[in-house]
Amino acid sequence: MRSLGYKIVPLDYYDTDYLEKLETVNKKWLVHLGIKTIIDVGASDGGFAKKIRNWLPSAQLYCIEPIKASFQKLSEKFVNDPNFRSFNLALSDRKETRSFYVHSAAGCSSLLPMAELHKKVYPGSESYVEENLETSTLDEVFCNFTLTAPVLLKIDVQGAEKLVLEGASQLLGNVKVIFLEISFTELYDQNPLVNEMIAFLETRGFSLAGMENISQSLIDGTFLQADAFFVKREPVTESPFNPASHGTE
């Protein structure tokens, strides 16, 4: 049965009726926010971008990905999308030259060295090539763009999410939703953990709204990481916004 794509489970393994109903409304709350602009940091080959495009078909979509092979696949997927633009860049909290660890599993690549726990719980992800990349910041990338609010900012950069946010002090004023990967344990050297990220975003006006895709270790069940939604408590302007007019250099 598995070779045919089926799995045999007890009849009451989960409430299939609930899951089927949830599937029809899962992202309605997000759609109702009226997102006009999407910024996808760590876009990889466009997996998330394709999903979000289905939910928000008319939003302006900006994707940022540092790995050239992934960037090429990403660009090819949206070649006919007039509201799409991509950047082959690594983002951090400042402009500088720094090491970037390109792993054999591209989705594990990061500005931060991989911790030993990651190698154990995700075997086969440890081999890498170290490159020197010029990093930029979100404020720098969009300093000459007029972005229409409200903005959804997605960040999945393997432990470096806080660095990216620290380089977006101007941009965050126009962001309504932040969707990012959070860690319950150290998977990359000194990556911030979930409580630190919640506190960091609370001081910037964002509250945790929910989590999905919670990952656990297949060794001992340890909680590893999850995708989290943060929503700004105060409303943001829906008029065009240019970070350059707010003092970005």
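To keep it simple, each residue is scored yes or no on (1) more than 20 Å from L153 (Cα to Cα); (2) in contact with a Ser or Thr (Cβ under 9 Å, 6 or more places away or on another chain); (3) without any contact (Cβ under 8 Å) to a residue 40 or more places away in the chain.
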{"residue": "G47", "(1), (2), (3)": "no, no, yes"}
{"residue": "S58", "(1), (2), (3)": "no, no, yes"}
{"residue": "C63", "(1), (2), (3)": "no, yes, yes"}
{"residue": "A69", "(1), (2), (3)": "yes, no, yes"}
{"residue": "N83", "(1), (2), (3)": "no, yes, yes"}
{"residue": "F87", "(1), (2), (3)": "no, yes, no"}
{"residue": "T97", "(1), (2), (3)": "yes, yes, yes"}
#### Entry: Single residue of L61, L74 found to be at pLDDT 95 or above, in a helix (DSSP H, G or I), among the hydrophobic types (A, V, I, L, M, F, W, C) and buried (at least 20 other Cβ atoms within 10 Å of the Cβ)
L74
### Query
Does the range 16-38 include one or more residues that are in a loop (DSSP other than H, G, I, E, B), out of contact with any Lys or Arg (no Cβ under 8 Å at 6 or more places or on another chain) and crowded, with 18+ Cβ neighbours inside 10 Å?
yes
### Query
Does the range 199-214 contain at least one residue that is crowded, with 20+ Cβ neighbours inside 10 Å, free of Cβ contacts under 8 Å to residues at least 40 places away in the same chain and not in a loop (DSSP other than H, G, I, E, B)?
yes
### Query
Does the range 132-139 contain at least one residue that is closer than 18 Å to V102 by Cβ, touching a residue at least 12 places away in the same chain (Cβ under 8 Å) and in contact with a Pro (Cβ under 9 Å, 6 or more places away or on another chain)?
yes
### Message
Just to be sure before I move on: is S183 crowded, with 17+ Cβ neighbours inside 10 Å, within 25 Å of S110 (Cα to Cα) and either at pLDDT 95 or above or not β-branched (V, I, T) (or both) in the structure I sent?
### Response
yes
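The values are calculated or read from the model by the stated rules, or taken from the named source; none is laboratory data. All figures in this text were calculated on a predicted structure; none of them were measured in a lab. FYI the Cβ positions are ideal-geometry reconstructions off the backbone, even for glycines, and counts take in every protein chain you see.
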